[in-house]
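Input: a single structure, listed below in structure tokens.
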Amino acid sequence: MFVHVETRRRSRWHWATLLIVTVCVVCFVGLTLMPAPQRIALLLEWGTIPANIFDPHQALLPQLADPALLRLFTALFIHVTWLHLMSNLLFLAIFGLPGERALGSLRFLLLFVVGGIVANLIGALSLVGVHLPIIGCSGAVSAVVGTYVALFPRAKLGLVLPLGLYLEFVRVPAFLLIGIWVLLQLLFSYAGPSYGAYVWWAHIGGFMFGLVFAMVSRDAVARRLRY
């Protein structure tokens, strides 16, 4: 008796990156349509403001149970300029789509959310007393980039570049794009209050979280790619 064995893997629908992009864009459009006073009030209410989350005169451990820490999550989806939004979403798409295929949508969403929360927490701890809001998903994208580097250390990415009158498809090392992303994060970190507080440590924290997440997930990724 012969038994047919299916050798072609069924394609899976990857929804996490699309969901994140959609939520970020919807939140940005909603903020843009608000009157300026209402927009500022929302930023102060739902952004991560270190001075409102951590009190330098109190013990840290009890403060970690404060419901105000919800702002570490909500701040991930708040952007106030299109350039900030598009730069984050561009690199999320570049590194997130292959990362999601390797990790699976649920695990990738967990990476983005938890990595972003950890990054904002580190940012808030490094800026205790600062009243400017930490906003945007740069810390979460940092976690995605860190995981990508750990999973695909020698990867090259295909890009379509405008060269004169033609579009040229080229393959560039992932580390080159990561270097561009680092420069952008430095720019946004020091561009002023319109981009939030200076959160370079949040980016570093998110990147390190992504590296650790990749190490922990290696076996699960190997099993996923095998079947």
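Just so you know, all these numbers are worked out from the coordinates, no wet-lab data involved. Since we're looking at a predicted model, the values are computed, not measured. Please note: Cβ atoms are built from the backbone with ideal geometry, for glycine as well, and neighbour counts cover all protein chains shown.
Annotations for the structure displayed:
- Relative packing of peptides 34-46, 126-138 - highest average C-beta neighbours within 10 Å first: 126-138, 34-46
- Distances between placed amide hydrogens fall under 5 Å for ILE135 paired with ALA197, all partners being 5 or more residues away or on another chain.
- Highest mean first, the peptides 99-110, 210-221 sorted by other C-beta atoms within 10 Å per residue fall in the order 99-110, 210-221.
- Sites PHE152 and VAL114 - FRET efficiency at Förster radius 25 Å, r taken between beta-carbons, to 0.05: 0.75
- Sequence of TRP13, TRP200, TRP181 once ranked by neighbouring C-beta atoms within 10 Å, starting from the fewest: TRP13, TRP200, TRP181
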